[in-house]
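For reference, the structure I am asking about is given below.
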Ligand SMILES: [Zn+2]
């Protein structure tokens with residue numbers, strides 16, 4: 001295997017050859033639960049290493065709103081006289097490339113950072129963005145999780161508590177509306193879905209809707225049972241997302257191709273529901289996790305959704321855990 005610096009980082013920010021090496025090539029596309037656990041352990045390091053090298057790609061959406069792609073979750077940036085508003089912070093190692101990309105949009109200072117949930121690939125950059133001048137806004141459970149050490153069982157990873165400068169100071173429990181740079185931002189709590197801290201961010205005038213990590217565009221999603229996520233919560237959140245948008249809305253996923261739409265979001269919902277039902281049927285028949293994975297309940301979707309980060313076996317296990 002070549003050194004990491006020679007690896008090809010995909011447009012989704014994941015290293016394609018590591019993905020191939022750890023999933024399809026090693027297993028023929030299918031992993032035993034033990035292999036899936038071992039693979040999951042590498043995800044945090046893989047995302048961090050990928051962000052340390054990946055270029056930041058800028059996608060201009062509408063009006064003064066853009067997406068920065070290549071550092072953990074997709075980062076939305078709203079520019080204007082009130083200062084830059086970031087939705088998610090990415091990985092700290094990307095700081096110089098994120099600043100360069102953001103300064104290419106405008107030279108306003110960063111004044112606000114909204115965290116869509118507590119996960120490291122959305123909050124790792126909180127401290128440096130706060131040092132730049134950003135007040136941090138998030139759901140109260142994001143505040144709670146960042147204040148103390150967290151363990152994500154499925155990543156076999158312990159995250160230390162965050163520095164105080166990285167902890168959100170402006171929190172809410174249900175909904176919050178902000179008027180910034182001529183836009184109305186509606187922040188809304190989902191109830192537990194991907195974690196117990198997920199919020200959507202709707203930008204009304206531009207008709208843009210950020211789904212946080214309740215939506216992974218073209219990739220099986222991770223579901224964090226350690227901090228309250230579960231498959232039916234993901235489906236409930238996705239139903240809410242579909243209901244909240246129209247055919248004209250630009251839909252931003254937490255991961256995957258950052259410019260999406262209602263049709264792709266609906267296909268994602270159908271995938272989640274079908275796989276949930278397939279896995280639930282197998283579990284109700286008394287199949288063990290190993291037997292359920294062997295029955296390939298995701299097979300019809302793997303060519304499209306199973307090629308990055310969360311493999312068919314890993315996703316089957318995440319669904320099995322919650323049905
Ligand atoms: Zn997440």
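Got a sec? How would 172, 86 order by Cβ neighbour count within 10 Å, fewest to most?
Working: 172 17, 86 25.
Ascending Cβ contact count within 10 Å gives the list 172, 86.
Please rank 171, 292, 177, fewest neighbouring Cβ atoms within 10 Å first, as an exposure proxy. It would help to have the intermediate numbers written out before the result.
Values: 171 17, 292 24, 177 12.
Result, fewest neighbours first: 177, 171, 292.
Could you give the length gained on full extension between residue 236 and residue 205, defined as 0.36 nm per residue of separation minus the Cα-Cα distance, in nm? Spell out each step's value before the answer.
On the way: separation 31, 0.36 × 31 = 11.16 nm, distance 2.55 nm.
Going from the current span to full extension adds 8.6 nm.
Still on this structure, please answer the following. Return the Rg/Rh ratio of the chain with Cα-based radii and a Kirkwood Rh.
Using Cα coordinates only, the ratio equals 0.95.
Moving on. Can you tell which of 210, 59, 117 shows the greatest fluctuation in a Gaussian network model of the chain with Cα springs below 10 Å?
59
Counting only DSSP beta bridges with both residues in the chain, what percent are antiparallel, rounded to the nearest 5?
Values: 30 of 45 bridges.
Around 65 percent of the beta bridges assigned by DSSP in the chain are antiparallel ones.
Can you show me the helix-derived [θ] at 222 nm for the chain, built from DSSP H runs with n ≥ 4 at -39,500 (n - 2.57) apiece and divided by the number of residues, rounded to the nearest 500. List each step's numbers first, then the result.
Values: 13 runs with 118 residues, N = 323.
Theoretical 222 nm ellipticity from helices: -10500 deg cm²/dmol.
To test your reading of the geometry: what angle, between 0 and 90 degrees and rounded to tens, separates the Cα axis of helix 231-244 from the longest principal axis of the chain?
50
Quick check: residue separation of residue 58 and residue 161 times 0.36 nm, minus the Cα distance between them. What number comes out in nm? Let's see the in-between values first.
Values: separation 103, 0.36 × 103 = 37.08 nm, distance 3.08 nm.
34.0 nm is the gain from fully extending residue 58 to residue 161.
If R₀ is 22 angstrom, what is the calculated FRET efficiency for the pair residue 148 and residue 169, using the beta carbon separation as r and rounding to 0.05?
0.85
Expressed in whole Å with the largest first, what are the equivalent ellipsoid semi-axes of region 204-323 derived from the C-alpha gyration tensor as the square root of 5 times each eigenvalue? Write down the numbers at each step before the final one.
Values: eigenvalues 144, 37, 29 Å².
Whole-Å semi-axes of the equivalent ellipsoid: 27, 14, 12.
For region 115-231, take N as its residue count and report Rg(C-alpha) divided by 2.2 N^0.38 Å. Show your work: numbers first, answer last.
On the way: Rg = 14.2 Å, N = 117, 2.2 N^0.38 = 13.4 Å.
Normalised Cα radius of gyration, region 115-231: 1.05.
Any chance you could run the full-extension gain for residue 81 through residue 99? It's 0.36 nm times the residue separation minus the Cα-Cα distance, nm to one decimal.
Values: separation 18, 0.36 × 18 = 6.48 nm, distance 1.78 nm.
Fully extending the segment from residue 81 to residue 99 adds 4.7 nm.
What is the order of 207, 196, 49, fewest Cβ neighbours within 10 Å to most?
Result, fewest neighbours first: 207, 49, 196.
Now for a different question. Can you run the Rg to Rh ratio on region 211-280? Use alpha carbon positions and the Kirkwood inverse-distance Rh.
Numbers: Rg = 11.5 Å, Rh = 12.2 Å.
Checking Rg against Rh, the ratio lands at 0.95.
Bear in mind these aren't lab numbers, they're just calculated from the coordinates by the rules spelled out. Not measured: the values here are computed from a predicted model. For neighbour counting, all protein chains shown are included, and Cβ atoms are generated from backbone atoms with ideal geometry for every residue, glycine included.
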